[in-house]
Every structure is written in structure tokens, then in C-alpha cells.
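As C-alpha cells, the structure follows; a few thoughts come after it.
Where a number appears in this text, it was derived from the coordinates with a stated rule and is not lab data. Everything quoted here is computed from the prediction, not taken from an experiment. No Cβ is skipped: glycine too gets one built from the backbone with ideal geometry, and neighbour counts run over all protein chains shown.
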Amino acid sequence: MNAKELTERWFHLWELGDFLLLPLSEDFKHTSPYGTIDGKKAYIGLVMANEDKFLGHRFEIHDTLYEEDKSCTRYTAVQKDLRLEVTEWHHIKDGSIQEVIAYYNIETQERKLSSL
């Protein structure tokens, strides 16, 4: 699969909740504001332990850029009344996703800005 197909498959499988079928390399790495997870097994294990946080999203895709071995997607993840603005880089190697680097703001009540 090329970068476009892998990226589309990534979002489709997440919407279906079929994370066990994600096209990840064995040495997959995921980096986000929460930290870095090394290895497909560790990533899948984290998702399984936290399904309520990972599953049940709908994705509103705003922009996607594709190159031969990577893609970048800006989207809104919607889960019930939660909306999360995200940008992800997907790095591709040998027909699978080798790395995801995700950028988003973890908003807490303490960090909200006051209105002027």
C-alpha cells in the first residue's frame, strides 16, 4: 500500500474500532503529547487497556498531504461531546506505518485562557 492508502486505512479502521488490523510495522513508534510508545505490541496493548479513550471516534478530515513515504493529516476527532484538533504525520516503510507523530493540545480546566 502507498501512503495515501495506508493513511485512509488508518482512519477507516479506527472509525470501525478494528485497531488490531491497523497496518503497523513491528517496530512501530507513536509519539504524542503523552510521550512515545515503542513497538506495535506495546501500542496495541495500550489501546486495549484504554479502549474507552481510543475507540468511538468519528474523524472530520480537513487536510492531507501525501509523499511517497509519509503523509500529514489535519483533522478533528469527535467522540460524544469531545472534539480534539489533531495533526498527525504518518511515516511509511515497506507497505506499513512505521511511525506516527501526533500533535494536539491536551486541554485542562487549569490551562484554559480567560476571556478579555
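Summary table
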read-out	value
Simple spin-label estimate for residue 21 and residue 76 in nanometres, 7 Å along Cα-Cβ	2.8 nm
Theoretical ellipticity at 222 nm over the chain - DSSP helices of four or more residues, -39500 (n - 2.57) apiece, nearest 500	-7000 deg cm²/dmol
Additional length obtainable on full extension of the chain from residue 60 to residue 102, 0.36 nm per residue less Cα span	13.6 nm
Average projected area [Cα convex hull, the chain], square nanometres	8.0 nm²
